[in-house]
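The structure under discussion appears below in the form of structure tokens.
The values are calculated or read from the model by the stated rules, or taken from the named source; none is laboratory data. All figures in this text were calculated on a predicted structure; none of them were measured in a lab. Note that we place each Cβ from the backbone using ideal geometry, even for glycine, and neighbour counts take in every protein chain shown.
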């Protein structure tokens, strides 16, 4: 009885080994073409809805202050936006008011200049919720190099005013 | 851009604002017609006005069956004020017992032409205002949506080549879709020809003081210029793949000028020296800021919208007071133009018309004086008046009478165009419902 069991166990082990070897031997490696994965659709294509005044201002506030805008202030600022026809102009005035307030969270200029590459990558993610393209990186690195006095506040203001930031 | 260049451009922009516009070829950008005036101020008067208490001067007689008649709009109309049961004034011994002193030595009716009985085919404020500003009855026009037909602002900017900062639309608030009429959604016109809308009692009110007043003053050369450069780059990338954003087309110089204006208004408001009418507060403050806009920008077209008399639904006393105050505001506006803005004095025309009338029958809602209120839904709502004064406009002329209407709110847009000398261009578009101006009816 004991000998019979031993033989049976050996058969099972051999069978298991055959299965394992046959499965692993059939596995095919993924092809490697030595090129990077790229995004085939446009970066902005999914942003096709214009933010309402209250959406824009609440997102902007959260972005700059890293906290939510109070409902009362949201209503007040929205009313201010609606009271002026030129939206670009009134946005600029509101943003510059924000920049004058305490609590706005912006990297210091020295931190920005320490690693411009990282700063602009982070800025694109923070405002546009997407990766920077190489053309955009090239432009900004050149721009920062030719404009040594450009501050992080100025960059944030430009992004806040940009048309892409008006859409989601 | 160097600071000197920026300031030079700003100065040039300001000069351009106050000078005739030149085409690239050097030709004066003038329309085919000859202009009667360089500026038009149109007051969409008061917000639903009954003929009975305005041009017919029946005060409490028709509305409340109380035998007191008279003129409570004596800056606009000829006629003696009521002498009994005075409730339309400011508060004295009792509420409303003190009529506001007259501002104009000669009423606008005497100075110009009045159409005592005109037709309005809309019974809603926004629809009526649409008609006044587009020359069309857009019966499918809903609230909370922009006009489908071009506004007078767009006609002026497109056909006269007027810069954005020369076309202003002053609202007494942001309710009832008022801000939406700064431009239409018509495919041939739109935001790029829009007006600068401003609801000054909000912009320079408590909300504005809290969220707009403390704007940083960025250095034009070292801060604004690089910021705009970065923004333009970002926008150019976006345009290649994204959607366009409505923009009324103020140039950088015009924006700078408007921001300077905002700064000045906050300072003047704090100091209490805005050009408000002698009696002010409420929507009369919109008149004061409209005066400031005109003083600074000398607009080709200024539209001022007033609507406080809409309290007539449930407070007839307030309606009378607001009618009287609106008259006071218009008197101040016209007086200010003639005496405080030399560049506009003598070459500005004023037009007034309510966007609709009000009912003949009351709704039986009584106010504190026991006066019944009036809505706007029956045939009497179609009855309105209109008037105009200024260079080339016949004085002491009266057209139409009760039972003999002459003129329609559709005539207002072509009238503004005719005064500014580009009526034919507007008619050639085929987009206005009526080819006649009020002048054609005289």
Filter the stretch A:146-162 down to the residues that are part of a helix (DSSP H, G or I) and touching a residue at least 12 places away in the same chain (Cβ under 8 Å), then identify the one that is farthest from the other protein chains (Cβ to nearest Cβ). A:152
Qualifying residues in the stretch B:62-81 (those that are in contact with a strand residue (DSSP E or B) (Cβ under 9 Å, 6 or more places away or on another chain) and outside any loop (DSSP other than H, G, I, E, B)) - the one farthest from residue B:361 (Cα to Cα): B:70
Within the group B:376, B:324, B:328, which residue is under 21 Å from residue B:66 (Cβ atoms) and crowded, with 24+ Cβ neighbours inside 10 Å? B:324
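Quick grid of which residues meet (1) under 29 Å from residue B:175 (Cα atoms); (2) modelled with pLDDT under 95:
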residue	(1), (2)
B:64	no, no
B:67	no, no
B:77	no, no
B:88	yes, no
B:95	yes, yes
B:101	no, no
B:113	no, no
Counting only residues that are surrounded by fewer than 24 Cβ atoms within 10 Å (Cβ to Cβ) and more than 10 Å from chain A (Cβ to nearest Cβ), the stretch B:167-179 contains a total of 2
Within the stretch A:109-117, is even one residue touching a residue at least 24 places away in the same chain (Cβ under 8 Å), within 11 Å of chain B (Cβ to nearest Cβ) and out of contact with any strand residue (DSSP E or B) (no Cβ under 6 Å at 6 or more places or on another chain)? no
Just to be sure before I move on: is residue B:257 more than 10 Å from chain A (Cβ to nearest Cβ), over 21 Å from the mean Cα position of the chain (by Cα) and farther than 30 Å from residue A:132 by Cα in the structure I sent? yes
Scanning the stretch A:65-108 residue by residue, the ones that are in contact (Cβ under 8 Å) with a residue 60 or more places away in the chain and more than 7 Å from chain B (Cβ to nearest Cβ) total 3
Take the residues in the stretch B:226-254 that are outside any helix (DSSP H, G or I) and either more than 10 Å from chain A (Cβ to nearest Cβ) or free of Cβ contacts under 8 Å to residues at least 24 places away in the same chain (or both); name whichever of them is surrounded by the fewest Cβ atoms within 10 Å (Cβ to Cβ). B:244
In the stretch B:137-165, the residues that are farther than 18 Å from residue A:88 by Cβ, within 17 Å of the chain's Cα centre (by Cα) and either part of a helix (DSSP H, G or I) or without any contact (Cβ under 8 Å) to a residue 40 or more places away in the chain (or both): B:147, B:152, B:154, B:155, B:156
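This table checks each residue for (1) over 19 Å from residue B:223 (Cβ atoms); (2) in contact with a helix residue (DSSP H, G or I) (Cβ under 8 Å, 6 or more places away or on another chain).
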{"position": "A:115", "(1), (2)": "yes, no"}
{"position": "A:118", "(1), (2)": "yes, no"}
{"position": "A:124", "(1), (2)": "yes, yes"}
{"position": "A:134", "(1), (2)": "yes, no"}
{"position": "A:142", "(1), (2)": "yes, no"}
{"position": "A:154", "(1), (2)": "no, yes"}
{"position": "A:157", "(1), (2)": "no, yes"}
{"position": "A:163", "(1), (2)": "yes, yes"}
